[in-house]
Amino acid sequence: MTKPEQTGNAVKELVQQHWNDRATTFDDASHHGIHTDEQHERWSSILREWTGDEPLQVLDIGCGTGVLSLLLADLGHAVTGVDVAPQMLERARAKATRADRSIEFYRGDAEALAVTDDAVELVTARHLVWTLPNPEQAIAEWQRVVEPGGRILVIEGYWDHAEPWDEYEEIHDDLPMYDGRPPDELRAVLARHGLRKIEHEPLLDPVLWGREPHHEYYLMAGTVPR
Ligand SMILES: C[S@@+](CC[C@H](N)C(=O)[O-])C[C@H]1O[C@@H](n2cnc3c(N)ncnc32)[C@H](O)[C@@H]1O
């Protein structure tokens with residue numbers, strides 16, 4: 001029997017429920033949270049390399065518990081984090097307060113942002129596209145909010161979930177990039193959306209993930225045309 005197709009909103013509700021339920025333990029995994037000074041330093045140095053030394057207005061989309069938002073704020077960028085799951089955002093706010101970082105975190109949808117055109121210089125998104133029902137709509141939306149000449153930087157991977165878990169059992173067929181994407185495929189999607197100067201770097205250093213990487217992780221960035 002075929003299962004009924006979920007609407008975008010029903011899919012997002014289940015995604016939100018999944019991440020709300022994981023919020024308190026998300027950072028416990030060393031491939032999610034930052035567990036050592038060495039890990040912090042390794043992420044910082046990669047992000048510094050890609051963002052440069054000038055402070056940027058950054059929107060970290062699908063920010064979760066704020067791992068990337070905090071690293072970027074530590075580098076001096078003015079960061080706003082947006083996520084669909086209130087409990088992930090609660091953790092992010094608590095961590096920013098503890099770290100004495102001024103980061104605004106608010107609830108929003110990566111595919112339809114409450115942000116004006118050209119509002120930021122950089123959009124970041126780590127491990128987000130796989131869990132979106134309309135990832136291509138999201139990429140177009142991220143381009144809308146980045147000023148011309150600004151960049152979109154994603155940290156993604158290609159994994160092969162043996163079995164969908166929890167809420168994802170019901171919805172994985174509705175997520176076109178579930179399982180992630182090999183870098184060449186994601187590059188083609190970004191290029192089709194008009195991004196220029198698309199570059200990528202494999203992220204396979206075990207220090208980044210606190211273990212041998214189980215997947216083909218990478219960072220990819222492209223420039224929004226002027
Ligand atoms: C795998 S977690 C990654 C969190 C964070 N980017 C990180 O790397 O630590 C995916 C995050 O995307 C969020 N998310 C999923 N769908 C979203 C949507 N449509 N809009 C905004 N956030 C979304 C989830 O709530 C979750 O916090």
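Numerical summary
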{"quantity": "Selection count, the range 151-160, where residues are closer than 20 Å to H215 by Cα and in a strand (DSSP E or B)", "calculated": "6"}
{"quantity": "Qualifying position, being surrounded by 15 or more Cβ atoms within 10 Å (Cβ to Cβ), more than 11 Å from the ligand (Cβ to nearest atom) and at pLDDT 95 or above, among L153, L128, L113", "calculated": "L153"}
{"quantity": "Those residues of the range 161-207 which are within 16 Å of L14 (Cα to Cα) and either touching a Cys at 6+ places or on another chain (Cβ under 6 Å) or part of a helix (DSSP H, G or I) (or both), in sequence order", "calculated": "Y168, E169, E170, I171, H172, D173, D174"}
{"quantity": "Filtered residues of the range 85-108 (kept if within 11 Å of the ligand (Cβ to nearest atom), part of a loop (DSSP other than H, G, I, E, B) and in contact with a strand residue (DSSP E or B) (Cβ under 6 Å, 6 or more places away or on another chain))", "calculated": "G108"}
{"quantity": "Failed item in (1) modelled with pLDDT of 95 or more; (2) surrounded by 15 or more Cβ atoms within 10 Å (Cβ to Cβ); (3) more than 21 Å from L68 (Cβ to Cβ), with I171 passing the rest", "calculated": "(1)"}
{"quantity": "Restricting the range 13-48 to residues that are more than 10 Å from the ligand (Cβ to nearest atom) and of a type in the set (D, E, K, R), the residue that is surrounded by the fewest Cβ atoms within 10 Å (Cβ to Cβ)", "calculated": "D37"}
{"quantity": "Index of the failed condition, D160 passing every other in (1) over 16 Å from the mean Cα position of the chain (by Cα); (2) modelled with pLDDT of 95 or more; (3) more than 15 Å from L122 (Cβ to Cβ)", "calculated": "(2)"}
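The values are calculated or read from the model by the stated rules, or taken from the named source; none is laboratory data. Small disclaimer: the values here were computed from a predicted structure and weren't measured. Please note: Cβ atoms are built from the backbone with ideal geometry, for glycine as well, and neighbour counts cover all protein chains shown.
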